[in-house]
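> One structure, pasted below without further comment.
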Amino acid sequence: MKQNLNVIAAYSIMLGLIILVGFLQSWSIALSILCFCLISAVMTMGANIQWGYAGLINFGIMGYTALGGLAAVLVSVPPVKEAWQAGGLNMILCVFLIILMVFSIRLILKKYKKSDKRNYGIAFVIIVGLILLRLISEPAIESIEAVNPATTGFLGGMGLPILFSWIVGAFFAGALAYVIGKIALGLRADYLAIATLLISEIVIAVIKHEDWLSRGVKNVIGLKRPVPYEIDLQGKEWFIDLVARFNHGSLSLINNALEKEQILKQLVIESSTVFVKLCFAGLFSIVVIILLIITQKALYSPWGRMMRAIRDNEEAANAMGKNVVKQHLLIFVLGSAIVGIAGAMMVTYDGLFTPGSYRPMRYTFLIWVMVIVGGSGNNFGAILGGFAVWFLWIEAAPIALFLINFFTSSLEETNALRIHLINSIPYFRFLMMGMGLLIIMRYRPKGILPEKIKNI
Amino acid sequence: MDFLNALVLLLNYIFVPALSYGSQLALGAIFVSLIYGILRFAYFTAGDLMSFGTMFAILFTWYFQSLGISLGVFPTALIAIPFAIIITILFTLVTDKLVFSYYRLKKSPPVMLAMVSIGTMFVTQAIVRIIIGPFDRRFFDGERFILKANEFKEITGLNEGLSIKSTQAITLIVTIIVVTILFWFLNKTRTGKSMRAYSDNEDLALLSGIDPKKVVMITWVIAAVLATIGGTLYGLDKSFKPFTYFNNMLPIFAAAIVGGIGNPFGAFLGGYVIAFSEILLTYAYRKFFVYVFPENLEPDSLIQLLSTDYKFAVSFSILVIVLLFRPSGIFKGKVL
């Protein structure tokens, strides 16, 4: 019971803080913090499944996030017909070639025993395949990128509603995780961390520089939204009525009709952004709640107990006849798929896909701070970590400004040190994250809401 | 003559840059490898420790420049390095005392320590950005070139020029000196031997009376020295930007693992393996083939195996291949 009280208390404080931001700064800021908190919560749930349930380190979160984002582009953007005519056939041919390569390598792996000959055979297949790929794809890529490069210059997507991409993103990320897991899961823990970190860099490099697929650093903007646009809302009768009813008290105080109308107009514009963000927050909360229910069920199922057994003592679990390798791969794929959903959600919310903005500090290490601070192995903890750390990440600047002003209040306004400190406010968030992580790891190594295991 | 031209071309665009870049990576990889061998965790602060050291080298350089001290043709940063090293040593020892020693004494699993090093990474990054800012800084002074392309052309009468920047020569010379001293220290002195013993088998080393505190302290000192020197050389050769240094952590790790993590000599060679493969695979060979092949066989495309955008991807792919076929690295480090 005490544990539950802790959870409730922690979450109420968190919500209280967000509401406080709403009152002190603006509701629009508070809601966008909430939306990103929810997205972070999905990411931490993914990382928490891997780390908390199974003890696998995955430093490749950035890669899966970006793949989820790519899925959002490929699903929602309408296809570019000219580009498909220019080079679509060759690209499809390339896909078949890659599939062919994979199958022939599998065939070699199956048919021949481990030997130098086999390695040479595989190397031969890969090199010939790469040369063929290059020959087929190069002219196609050139002609695709030449199609109206200022606005398209890529193959485009399927033109479906963007909500589908949340599922597709999960599949993309899961597929990548399957490949990485096959390669790297046999490694020792910290080695796996480095390998996944590097592989996620490769994923970003590919997304950044394969313009025919993702427009690369030229970015994709203006993705369709699953929720109404502000401009449309402002013209809708029912929305204006709703705003008027909400602000009935303050509006009725104004006597001048013209003034009243103007204030109402202002209010409608403000509330339309709030309304859109509320819609997003609602959608995201649905995802978080569904995932939370599933992961909680999984945690206390026989499967979850098996995962904990594998995490705590791999050899014993192996001796009990549990297939450790298979379960590790499964959980690696599942966790990464959840991160993929979060990636697609984020691009949906932003409405744009900017491959250049994916950096390991923000998308890998920050998520890890969230998991560790919140409490690994406990889903409520992980979500709380996502909320708390993201909140701090955004609100670090005002807090730092306040602290600097407080401590340097004895100095003059023009003091060089004071000016220097105030100019470097954005970097205090790194300091806070680092100190937070170090303090939590030292004094509360299991996180704010530690893992609780029901004894049955 | 054409053949000579082709050779000079490769020297100028591949060999010389790769050699200096490789040296800078190698210095980083050695200390990552040492920390992995002796303290037994992956030190994620590596790139930021280098930027920390470099930052102080820059600050001291500015200070000396303001005093009017300079080395003439050599960059002023060379006199600044020893002072920067002292501060970096203090920094590593303090972080060890405050942060890492607790987990070491508790015998936490390596993963825990790696996580903690992410915490110190955030803090170090913040310190660097707060003190010097996130911007690109050049702090090179003195003579820029040892050999200019034009001069080379005049002397030899070849079509292709060979230019050697003084920073490249300094990098190579300093690396040779530092690495020679380091390996002499590790292989010949008593302390160095005890460090290697501690890395091979901790329990046995403790039994034979090796003081773990001293071993750990010396490891941090070496790490600080190598990080500062490597970072400053990189900054002199290219430029100093905290974000680039953070990113350099990745090829450094790749070099350490390719060379066999926990094995400093392997890491040293691993640095060059990574640097050379990055540059060899992303160089456009068209001009080279124009010289080598007779006229009718001249290629019309760039003959570039990979676009330069994939520079980082190359080193990581090598890493993956090494992991698959020789998990202990090319030069046999610890089996992971």
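> Please tell me if B:N263 is closer than 30 Å to B:I321 by Cα, of a type outside the set (S, T, Y) and surrounded by fewer than 23 Cβ atoms within 10 Å (Cβ to Cβ).
So B:N263 does not fit the description; no.
> Cβ-Cβ distance below 7 Å, separation of 6 or more or different chains: which pairs start in the range B:74-95 with a residue that is within 23 Å of B:D237 (Cβ to Cβ) and end on one that is hydroxyl-bearing (S, T, Y) and open to solvent by 20 Å² or more (accessible area, probe 1.4 Å)?
That search, which allows pairs on different chains as well, returns B:T76/B:S70.
> Hey, A:F154 hits all of (1) under 21 Å from the mean Cα position of the chain (by Cα); (2) away from every other protein chain (no Cβ under 14 Å) but one; which does it fall short on?
Among (1) under 21 Å from the mean Cα position of the chain (by Cα); (2) away from every other protein chain (no Cβ under 14 Å), A:F154 violates only (1).
> Here's a check for you: in the range A:177-191, which residue that is buried (at least 22 other Cβ atoms within 10 Å of the Cβ) and at pLDDT 85 or above is farthest from the other protein chains (Cβ to nearest Cβ)?
Checking each candidate, the answer is A:A177.
> Here is a follow-up. Among what's in the range A:57-69 and is open to solvent by less than 10 Å² (accessible area, probe 1.4 Å) and not small (G, A, S), pick the residue that is farthest from the chain's Cα centre (by Cα).
Per the criteria, the residue is A:I57.
> Here is a follow-up. Quick one: in the range B:209-230, of everything that is free of Cβ contacts under 8 Å to residues at least 24 places away in the same chain and in a helix (DSSP H, G or I), which residue is surrounded by the fewest Cβ atoms within 10 Å (Cβ to Cβ)?
For the range B:209-230, the residue satisfying everything is B:K213.
> Continuing with this model, one more query. Between B:S194, B:S199, which is farther than 27 Å from B:G235 by Cβ and touching a Gly at 6+ places or on another chain (Cβ under 6 Å)?
Only one candidate passes the filter, namely B:S199.
> Still on this structure, please answer the following. Any residue in the range A:402-429 that's closer than 23 Å to B:T120 by Cα: show its pairings with residues that are open to solvent by less than 60 Å² (accessible area, probe 1.4 Å) and modelled with pLDDT under 80 at Cβ separation under 9 Å, as long as the two are six or more apart or on different chains.
Once the first residue is closer than 23 Å to B:T120 by Cα and sits in the range A:402-429, no partner that is open to solvent by less than 60 Å² (accessible area, probe 1.4 Å) and modelled with pLDDT under 80 comes close enough.
Every residue, every condition in (1) farther than 28 Å from B:R104 by Cα; (2) at pLDDT 85 or above; (3) in a loop (DSSP other than H, G, I, E, B), yes or no:
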site: B:E151; (1), (2), (3): yes, no, no
site: B:I177; (1), (2), (3): yes, yes, no
site: B:F185; (1), (2), (3): no, yes, no
site: B:K193; (1), (2), (3): no, yes, no
site: B:S199; (1), (2), (3): no, yes, no
site: B:A205; (1), (2), (3): no, yes, no
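> Right, another one. Just give me the residues in the range A:288-307 being farther than 27 Å from A:L38 by Cβ and either surrounded by 11 or more Cβ atoms within 10 Å (Cβ to Cβ) or among the hydroxyl-bearing types (S, T, Y) (or both), in sequence order.
Of everything in the range A:288-307, those that are farther than 27 Å from A:L38 by Cβ and either surrounded by 11 or more Cβ atoms within 10 Å (Cβ to Cβ) or among the hydroxyl-bearing types (S, T, Y) (or both) turn out to be A:R305, A:M306.
> Moving on to the next point. Those residues that are of a type outside the set (K, R) and free of Cβ contacts under 8 Å to residues at least 60 places away in the same chain, I need them from the range A:176-201; list them, please.
Of everything in the range A:176-201, those that are of a type outside the set (K, R) and free of Cβ contacts under 8 Å to residues at least 60 places away in the same chain turn out to be A:V179, A:I183, A:A184, A:L187, A:Y191, A:A195, A:L198.
> Next up: Output the number of residues of the range B:99-134 satisfying the condition of being outside any helix (DSSP H, G or I) and within 7 Å of chain A (Cβ to nearest Cβ).
Qualifying residue count for the region: 1.
> Open to solvent by 50 Å² or more (accessible area, probe 1.4 Å), within 11 Å of chain A (Cβ to nearest Cβ) and either modelled with pLDDT of 85 or more or not in a helix (DSSP H, G or I) (or both): which single residue out of B:L324, B:L302 fits that description?
Just a single option satisfies the conditions, and that option is B:L302.
> Let me ask another. Can you list the helices (runs of 4 or more DSSP H) lying wholly within the range A:353-456 that have 3 or more residues being more than 12 Å from every other protein chain (Cβ to nearest Cβ)?
Result: A:379-407, A:416-423.
> Looking at (1) open to solvent by less than 70 Å² (accessible area, probe 1.4 Å); (2) away from chain B (no Cβ under 14 Å); (3) touching a Phe, Trp or Tyr at 6+ places or on another chain (Cβ under 9 Å); (4) touching a residue at least 40 places away in the same chain (Cβ under 8 Å), find the lone condition where A:S285 falls short.
(3) is the only condition that A:S285 fails.
> Here is a list: A:I105, A:I49. Which entry is in a helix (DSSP H, G or I) and within 30 Å of A:L299 (Cα to Cα)?
After ruling out the rest, the residue left standing is A:I49.
> Among the residues of the range A:213-221, is there at least one that is basic (K, R), within 14 Å of chain B (Cβ to nearest Cβ), crowded, with 18+ Cβ neighbours inside 10 Å and within 33 Å of the chain's Cα centre (by Cα)?
yes
> If you don't mind, another one. Can you tell me which of (1) away from chain B (no Cβ under 14 Å); (2) part of a helix (DSSP H, G or I); (3) without any contact (Cβ under 8 Å) to a residue 40 or more places away in the chain; (4) not aromatic (F, W, Y) is the one A:I144 doesn't meet?
For A:I144, the exception is condition (3).
> Something else about it: Can you tell me how many residues in the range B:61-77 are open to solvent by 50 Å² or more (accessible area, probe 1.4 Å) and either among the hydrophobic types (A, V, I, L, M, F, W, C) or in a helix (DSSP H, G or I) (or both)?
Count: 9.
> Next question. Return a yes/no flag: does the range A:159-175 have any residue that is surrounded by fewer than 16 Cβ atoms within 10 Å (Cβ to Cβ), under 31 Å from the mean Cα position of the chain (by Cα) and within 14 Å of another protein chain (Cβ to nearest Cβ).
Among the residues of the range A:159-175, not one is surrounded by fewer than 16 Cβ atoms within 10 Å (Cβ to Cβ), under 31 Å from the mean Cα position of the chain (by Cα) and within 14 Å of another protein chain (Cβ to nearest Cβ), which makes the answer no.
> Right, next: Answer yes or no as to whether B:D141 is at pLDDT below 90 and in contact with a helix residue (DSSP H, G or I) (Cβ under 8 Å, 6 or more places away or on another chain).
yes
> Same structure again: Given the condition among the acidic types (D, E) and either surrounded by 15 or more Cβ atoms within 10 Å (Cβ to Cβ) or within 14 Å of chain A (Cβ to nearest Cβ) (or both), answer yes or no: does some residue in the range B:146-164 qualify?
yes
> Still on this structure, please answer the following. Mind counting the residues in the range A:93-130 that are open to solvent by 100 Å² or more (accessible area, probe 1.4 Å), of a type in the set (S, T, Y) and more than 14 Å from chain B (Cβ to nearest Cβ)?
Qualifying residue count for the region: 1.
The values are calculated or read from the model by the stated rules, or taken from the named source; none is laboratory data. The structure displayed is predicted, hence computed values, not measured ones. Heads up, the Cβs are rebuilt from the backbone with ideal geometry, glycines too, and the neighbour counts pull from every protein chain shown. Keep in mind that these areas ignore ligands, DNA and RNA; they rest on the heavy atoms of the full protein, side chains included. Shrake-Rupley method; radii C 1.70, N 1.55, O 1.52, S 1.80 Å.
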